[in-house]
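See structure below.
The values are calculated or read from the model by the stated rules, or taken from the named source; none is laboratory data. Predicted model, so just to flag it, every value in this text is computed and none were measured. Because the Cβ atoms are built from the backbone with ideal geometry, glycine has one as well, and the counts that use them run over all protein chains shown.
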């Protein structure tokens, strides 16, 4: 038969509840400390891995940079070309009278040899045309041509006159 | 100091102290370590991005290196860096000669800041020619370099003589002064840009005569007889 001896003075004895709590706290200490060590080691390993990776990529980047520096002439040409192309695009975007001129051109060619293109004034937005037609048939043919065509939004006959010596003078405002 | 504490309290204190110490360490190491790691990761992400951009940049530079210089020179003729009035006038005269058009009264205006952001000068001139040749001449002005835009055309026929007063806009722009940063992305030429380069190829370029320096035919030593 075993006898449990407690030689501690009564003021040093602890209750069983406190004993259990202390045991739990000590266990928690061990777990937390192990966790901390794992965490710290993991952190250090990850830091080292990332640093090595960064160093390797940085040296790669430096290599490519030096390659680009050696191609500086080509880069300058690319920058210049892109700049010029953008600006040529801007210049070509400026509205030109050629567009409206191209649209009236077939009608100019069809003005008969007896008729006279008195005045043609073109700017990028509008066109004013004065034609002297010798005969009624020339005038009718021109009017039919221009009214049948769908190249212009508006054609306004602004003035119309007749002079027995020169013929019919018709002035158009075309948009 | 701790003499008055009971045994239970002492034992709890001794047991809890490492617990608190580990928690504090967790916080300190975690905060410091994670901040350092996030710093390195940010650097890594930037380096990876730079590497992608730079690799792409070298690929583009390698691809275009053969043709880009020629295209840049052609583009510089189409849109010069300084007032191209003389070249434009020369082109107009050549065009007139080809179309048997008589050109007179050529005037070039002052430098104007165009609303497009480019610099421009307005050039006006009169032409005399039969109607067909005049039309051919006007249409051909769209195919010359430096680039011009026909602004106004005033055509009249009087007594069998056909005249036109034409005003064109001629553009130029200073060259870019800075290269973009080394790590700035550059894009390859777009289809529209490639088409524009092809279009530029069909434009008639001005012909400049380069006068070679005269070779010394006189005495090399002016003091010797």
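Here residue B:67 meets the list (1) within 28 Å of residue A:77 (Cβ to Cβ); (2) touching a residue at least 40 places away in the same chain (Cβ under 8 Å); (3) in contact with a helix residue (DSSP H, G or I) (Cβ under 9 Å, 6 or more places away or on another chain) almost entirely, failing just condition (2).
Out of all the residues in the stretch B:102-124, which are under 13 Å from residue B:170 (Cα atoms), in a strand (DSSP E or B) and touching a helix residue (DSSP H, G or I) at 6+ places or on another chain (Cβ under 8 Å)? Of everything in the stretch B:102-124, those that are under 13 Å from residue B:170 (Cα atoms), in a strand (DSSP E or B) and touching a helix residue (DSSP H, G or I) at 6+ places or on another chain (Cβ under 8 Å) turn out to be B:108, B:121, B:123.
Counting only residues that are buried (at least 17 other Cβ atoms within 10 Å of the Cβ), in contact (Cβ under 8 Å) with a residue 40 or more places away in the chain and in a helix (DSSP H, G or I), how many does the stretch B:77-94 have? The qualifying residues number 7.
When A:38, A:52, A:88 are screened for being in contact with a helix residue (DSSP H, G or I) (Cβ under 6 Å, 6 or more places away or on another chain) and free of Cβ contacts under 8 Å to residues at least 40 places away in the same chain, only A:88 passes. Answer yes or no as to whether residue B:161 is in contact (Cβ under 8 Å) with a residue 12 or more places away in the chain and surrounded by fewer than 16 Cβ atoms within 10 Å (Cβ to Cβ). Yes.
Exactly one residue among B:122, B:114 is at pLDDT 95 or above and closer than 29 Å to residue B:199 by Cβ, and that residue is B:122.
Within the stretch B:131-142, the presence of at least one residue that is farther than 17 Å from residue A:96 by Cβ and more than 11 Å from chain A (Cβ to nearest Cβ) is confirmed. Across the stretch A:129-163, the number of residues qualifying as farther than 18 Å from residue B:158 by Cα and assigned to a loop (DSSP other than H, G, I, E, B) comes to 7. Of the residues making up the stretch A:76-95, those that are surrounded by fewer than 20 Cβ atoms within 10 Å (Cβ to Cβ) and over 22 Å from residue B:181 (Cβ atoms) are A:89, A:90, A:92, A:93, A:94, A:95.
Identify, from the list B:155, B:182, B:175, the residue that is over 17 Å from residue A:101 (Cβ atoms), modelled with pLDDT of 85 or more, facing another protein chain (nearest Cβ under 10 Å) and surrounded by 13 or more Cβ atoms within 10 Å (Cβ to Cβ). Every option except B:175 fails the conditions.
For the stretch B:30-51, check the following and say yes or no: at least one residue is free of Cβ contacts under 8 Å to residues at least 12 places away in the same chain, in a loop (DSSP other than H, G, I, E, B) and under 31 Å from the mean Cα position of the chain (by Cα). So far as the stretch B:30-51 goes, no, none of its residues is free of Cβ contacts under 8 Å to residues at least 12 places away in the same chain, in a loop (DSSP other than H, G, I, E, B) and under 31 Å from the mean Cα position of the chain (by Cα). Annotation note: of A:152, A:101, the sole residue that is touching a helix residue (DSSP H, G or I) at 6+ places or on another chain (Cβ under 8 Å), within 28 Å of residue B:115 (Cβ to Cβ) and more than 14 Å from chain B (Cβ to nearest Cβ) is A:152. Here the helices (runs of 4 or more DSSP H) wholly within the stretch A:1-118 that include at least 3 residues being over 31 Å from the mean Cα position of the chain (by Cα) are A:16-70, A:97-109.
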